[in-house]
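Enquirer: Once you've had a glance at the structure underneath, I'll fire off some questions.
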Number of protein chains: 2
Amino acid sequence: MTRLQEVLAKAAELVEPTEPERSRVSELAAKLLSACRQEFLGREGVVDVSIEGSVAKDTWVKGREEVDVFIHFTPSAGRERLESTILELGRRVIEALGGRHWLRYASHPYVEGMVEGIRVNIVGCFKTEPGRWISAVDRTHYHTEFVRSRITPQLRRDIRLFKGFLMGCGLYGAEIRVEGFSGYLSELLVISHGGFVELLKKAAEWRIPAFVDLTGRVRREDALRLFPNAALIFPDPVDPARNVAAAVSKTKLAELILASKLFLREPSIQYFMPEALKPPYEGDWRDSHELLGIIFRVEERPPDILWGEIKHTLNGVSRRLVKEGFQVYRAAAAQSGEEVLLLFELSSLSLPPLELRMGPPVWLDNAIDFVRKTLSREERVAGPWVDGERLYALFRRKNVNADELLREWIRRGEVAISRELADSLREAEILTSRSGLIDRIRHSEDFRVFLKNFLDGVATPLRHFAKKC
Amino acid sequence: MTRLQEVLAKAAELVEPTEPERSRVSELAAKLLSACRQEFLGREGVVDVSIEGSVAKDTWVKGREEVDVFIHFTPSAGRERLESTILELGRRVIEALGGRHWLRYASHPYVEGMVEGIRVNIVGCFKTEPGRWISAVDRTHYHTEFVRSRITPQLRRDIRLFKGFLMGCGLYGAEIRVEGFSGYLSELLVISHGGFVELLKKAAEWRIPAFVDLTGRVRREDALRLFPNAALIFPDPVDPARNVAAAVSKTKLAELILASKLFLREPSIQYFMPEALKPPYEGDWRDSHELLGIIFRVEERPPDILWGEIKHTLNGVSRRLVKEGFQVYRAAAAQSGEEVLLLFELSSLSLPPLELRMGPPVWLDNAIDFVRKTLSREERVAGPWVDGERLYALFRRKNVNADELLREWIRRGEVAISRELADSLREAEILTSRSGLIDRIRHSEDFRVFLKNFLDGVATPLRHFAKKC
């Protein structure tokens, strides 16, 4: 038995549910299906009830069980009826089974709940022909069918290994916070390469943008033209004009490429262990770190919406800092309950006292204006002079501190932040001292782990490797 | 009389020689021509003797008189005979006229001297058909003939005005130290535009690269292809494959464009007064200036050779500083006797304590090496992490001070400095404190004026304008 085989055997134990676990899930799924049939079938517009997702495909990872029941409506039922029926009857079903429930939103609202310690979702979709999709979840049933038609026991094991690998490397999940690999994409990737190790071998050789096609009908050039900004392109076998991998960011794909290389060189069970995510070194805050933290409160809302706003704001603040002359080494965000922390590492928390301003090329009419204005400014220190075809001058800066500048930009609306976060940002705490930031986040385990990871700065899939160095 | 006419009338008084001045120059020219004829004609290879340059064309600016005598050799004479004959007999002629003399080098050696307080040059050239040039000065006689054939009394006055304008703006001279406009180019520019004001009106509208053709035979597209790096292209009427304006830098051309705009808006006699070059403000060294000065000794050698080396070194040090992470706002050089001063204004004389290093894209084989090496380095502070498709990491810098780093680079040969200056640079003084630099240059008027101009930083042609602001 090779080292790789040994590791895969151990990993299989981590990701494969045991028989008792399988029974528990199957029984709950059967119970839920039967209850939903009883409640929903016969209601106006409802034409079918089915189990979908990883339970239907038998591809769920141990400890991550989640039962999805889909209620199929005829297209003529309309969105409003679908929503009201799902909300009313979905809740009733979960209550009848003794569970708790709450409302969730994706493309439209659905009911999520916990029954017997297992997460369940009751989702409404329209029963349509392929290509005539009305809602975003109408493809799901076809996805389930497609995977079931292609899967084998060996592929099931390998899909679970790949999902476990992605989870261990912090790459699993298509939500905006993660920008990683969805369950369906993971399944397709393993199926199309014929196995976990075969997939990793290919992934280790990928360049970005990467292209994988299971349909055999899409040409790489066409795909690149159709999805110009995608890091990974995987045409949906059920709908080739859709990219299953649209949510995967360049960074997360690059991390998979790297993780594949490293794992194949030196297989280790740690790649499958999310608990190994903790930084291998104590991430110390050294004197040389120049960190700017922004903490603000947010109202509860769907995570993808909130995280869209958070990332937009993170980029907006970064770009504004860079535009002003700061060097932003890196930026990251974390959420802890109702609080969000944006963290920026800069080369320095203050700008140089002088600023070089580039004026227009001399042949533009406003060149003379630049000369005149520069010479009349009290803050002028040197210039204007000519270098190449442009004018330049040195000015004394009025304000050099990142935190004060940022507060000013936010107040004046001079930084591209998400409109929905604007009020929160105006009330934000901006922290630049080590003690100030550490004291402020002391209460939150999420923030403390995040800061530790940030200070250490090793990409998740590299942490396993880092331990040995 | 308009304001412009008034200024031009006053300027004409500054640039036009008086009758007694003309007589003094004509008499010396005649004396020199006659003495050279006597010495050179009849010597092997010598076929003619003539007066060339601004005296022959009557385009010299008051106070800038300089008599050029050309000794024409037959091509079969060869370079060696030309040189030895010029050096031997040239000296003898000047001595006979009671003057001092010394050797100068351009494409080949020639004799320069002072006779009756006027600078004289005795230069050897080959008498060739156009296009069959042997040495770089063989065209000169044709240049003189061309200008004489096109000139009128009004154009003579305007050429002197333009030369005076260029001198007042620090733009006159094709030598490497200046990278400005030669006498011949100035004459051609005025001739081709029909006058001084007409030229300035056009120049105010130029874009870079600018193209002026007097031959009517060169197309702009061809010229751009033939001289891809030229800021200004002016095909030599005597040899259209040569660019008369090859020495003009982009910066100096841009300064002429700007000066033309400003002068036409508000004509002022000051544009013709080099003494107005002094900065209008006292150039103070404020606390916010972060200056790095390098002072070294140089051996005497032809200015164009020395200044080629100085500029090469200035750029080499600048680029090295930028590569290391410094922001270089501006750089300039000055010479004072045997000493050279390179001066750099930086955003800061020290680098941030941490350095962001960009690693390879993840798909390259050395990505793993970067990960491994980064993790094993004692200076690692954070990372490696992935952003987009590349690896990054933060390292602690060993040395952050510009002066110490520079000394180290020079010692190790890690900065692109002119080979001929390498020894001098190794012995250079590197100064970063205000008091250190000011004390060090106290003895030199050249350096003090240079520093004052540098601190003020206003481009020479803008200083006249600056006075009024």
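Derivation of every value follows stated rules applied to the coordinates shown; laboratory data play no part. Worth saying up front: this structure is predicted, and the values here are computed from it rather than measured. Neighbour counts are summed over all protein chains in view; Cβ atoms, including those assigned to glycine, are modelled from backbone coordinates with ideal geometry.
Enquirer: Using the Cα centre of the stretch B:151-272 as the reference point, and only Cβ charges (+1 on K/R, -1 on D/E), how large is the resulting charge dipole? Debye, rounded to the nearest 20. Numbers along the way, then the final one.
Expert: Details: 17 positive and 13 negative charges, 31 e Å.
Its charge dipole is roughly 160 debye.
Enquirer: I would also like to ask the following. Below 8 Å, C-alpha to C-alpha, sequence gap of six or more: please give me the relative contact order for the stretch A:151-272 in percent. Please report the intermediate quantities before stating the final value.
Expert: Numbers: 170 pairs, mean separation 36.0, N = 122.
Relative contact order for the stretch A:151-272 comes out at 30 percent.
Enquirer: Grab the residue from chain A whose Cβ hugs the A-to-B rotation axis most tightly, plus its distance in whole angstrom.
Expert: A:SER348, 4
Enquirer: Here's another thing I want to ask about it. Taking B:LEU33 in one copy and the same position in all the others, each labelled 7 Å out along Cα→Cβ, what are the pairwise distances from the first, in nm, shortest first?
Expert: In ascending order, 11.5 nm.
Enquirer: Whole-Hz Karplus ³J(HN,Hα) for the stretch A:16-24, in order, using 6.51 cos²θ - 1.76 cosθ + 1.60 and θ = phi - 60°, x for Gly and Pro?
Expert: 7, x, 7, 4, x, 5, 4, 4, 4
Enquirer: Any chance you could run the full-extension gain for A:GLN154 through A:ARG448? It's 0.36 nm times the residue separation minus the Cα-Cα distance, nm to one decimal.
Expert: 101.8 nm
Enquirer: Under a point spin-label approximation (7 Å from Cα along Cα-to-Cβ), what is the A:ASN229-A:ARG319 distance to one decimal in nm?
Expert: 1.1
Enquirer: Projected onto the charge dipole of the protein assembly as shown (+1 at Lys/Arg Cβ, -1 at Asp/Glu Cβ, origin at the Cα centre), which of A:ILE295, B:PRO209, B:SER418 gives the Cα projection farthest towards the positive end?
Expert: B:PRO209
Enquirer: Right, next: About its Cα centre, how strong a charge dipole does chain A have in debye, to the nearest 20, once Lys and Arg get +1 and Asp and Glu get -1 at the Cβ?
Expert: 920
Enquirer: Express as a percent, rounded to the nearest 5, the fraction of DSSP beta bridges in chain B (both residues included) that run antiparallel. Can you show the working numbers first?
Expert: Values: 49 of 60 bridges.
Percent antiparallel among DSSP bridges in chain B is about 80.
Enquirer: Go ahead and run the numbers for FRET between B:ASP48 and A:ASP222, Cβ-Cβ distance against an R0 of 56 Å, rounding to 0.05.
Expert: 0.15
Enquirer: Right, another one. Indicate, rounded to the nearest 5 percent, the antiparallel portion of the DSSP beta bridges found entirely in the stretch A:61-151. Let's see the in-between values first.
Expert: Details: 11 of 19 bridges.
For the stretch A:61-151, the DSSP antiparallel bridge percentage is about 60.
Enquirer: State whether the stretch B:354-396 is rounded, prolate or oblate according to the following rule on the C-alpha gyration tensor (a ≥ b ≥ c being the square roots of its eigenvalues): a/c under 1.5 gives rounded; otherwise a/b larger than b/c gives prolate, and the remaining case gives oblate.
Expert: On the way: a/c = 2.62, a/b = 1.46, b/c = 1.80.
Judged from the Cα gyration tensor, the stretch B:354-396 comes out oblate (a/c at least 1.5, b/c at or above a/b).
Enquirer: Report the semi-axes of the equivalent ellipsoid for chain B in whole Å, largest first, where each axis is √(5λ) for an eigenvalue λ of the Cα gyration tensor. All intermediate terms of the calculation are to be shown ahead of the outcome.
Expert: Numbers: eigenvalues 440, 149, 119 Å².
For chain B, the ellipsoid semi-axes come out as 47, 27, 24 Å.
Enquirer: Below 8 Å, C-alpha to C-alpha, sequence gap of six or more: please give me the relative contact order for the stretch A:354-396 in percent.
Expert: Contact order relative to length: 50 percent.
Enquirer: Counting DSSP beta bridges in the stretch B:1-157, what percent are antiparallel, to the nearest 5?
Expert: So the antiparallel bridges amount to about 70 percent of the total.
Enquirer: Once you have the Cα-Cα distance between A:ALA332 and A:THR74, take 0.36 nm times their residue separation minus that, and quote the gain in nm to one decimal.
Expert: Result: 88.5 nm gained on full extension.
Enquirer: Additional query: Evaluate the charge dipole of the protein assembly as shown about its Cα centre and quote only its size in Debye, nearest 20, assuming +1 on the Cβ of each Lys and Arg and -1 on the Cβ of each Asp and Glu. Spell out each step's value before the answer.
Expert: Working: 140 positive and 136 negative charges, 114 e Å.
Dipole of the protein assembly as shown, to the nearest 20 debye: 540 debye.
Enquirer: What number, in percent, do you get for the relative contact order of chain B if the mean sequence gap of Cα pairs under 8 Å and at least 6 apart is divided by its residue count?
Expert: 12
Enquirer: What is the angle, in °, between the Cα long axis of helix A:402-412 and the longest principal axis of the Cα atoms in chain A? Nearest 10 is fine, range 0 to 90.
Expert: 80
Enquirer: Further, regarding this structure: For a Förster distance of 45 Å, can you work out the FRET efficiency between the beta-carbons of A:ARG301 and B:THR2, rounded to the nearest 0.05?
Expert: Working: r = 71 Å, r/R0 = 1.58.
E between A:ARG301 and B:THR2, to the nearest 0.05, is 0.05.
Enquirer: In nm, give the distance between the simple-model label positions of A:ARG407 and A:SER84, each being 7 Å from the Cα along the Cα-to-Cβ direction.
Expert: Spacing of the two 7 Å Cα→Cβ label points: 5.2 nm.
Enquirer: Between A:LEU356, A:VAL115, A:GLY195, whose Cα lies farthest towards the positive end of the dipole of chain A when Lys and Arg beta carbons carry +1 and Asp and Glu beta carbons carry -1, centred on the Cα centre?
Expert: With unit charges placed on the Cβ atoms, the residue in question is A:LEU356.
Enquirer: List the distances, in nm and shortest first, from the label point of A:GLU175 to the matching label points in every other copy, placing each point 7 Å from Cα along the Cα-to-Cβ direction.
Expert: The answer, with the shortest distance listed first, is 7.3 nm.
Enquirer: Compute the helix-to-body angle for B:366-376: its Cα long axis versus the longest principal axis of chain B, expressed 0 to 90° and rounded to tens.
Expert: That works out to roughly 60 degrees.
Enquirer: Could you give log10 I(q)/I(0) at q = 0.07, 0.09 Å⁻¹ for the protein assembly as shown, computed by the Debye formula over C-alpha point scatterers of equal weight, without solvent?
Expert: Taking Cα atoms of the protein assembly as shown as identical point scatterers yields -0.79, -1.02.
Enquirer: From the label point of B:ASP369, set 7 Å along Cα to the beta carbon, how far off in nm is each other copy's matching point, shortest first?
Expert: In nanometres, ordered from closest: 5.3.
Enquirer: Evaluate peptide B:383-396: per residue, the Cβ atoms of other protein chains within 10 Å of its Cβ; return the mean as an integer.
Expert: 6
Enquirer: Cα convex hull of the stretch A:151-272: mean projected area in nm², to one decimal? Please list the in-between numbers first.
Expert: Numbers: hull surface 27.9 nm².
Averaging across all directions leaves 7.0 nm² for the Cα convex hull.
Enquirer: Nearest 10 degrees, 0 to 90: what angle lies between the long axis of helix B:140-150 and the longest principal axis of chain B (Cα atoms)?
Expert: Between the helix axis and the principal axis of chain B, the angle is about 70 degrees.
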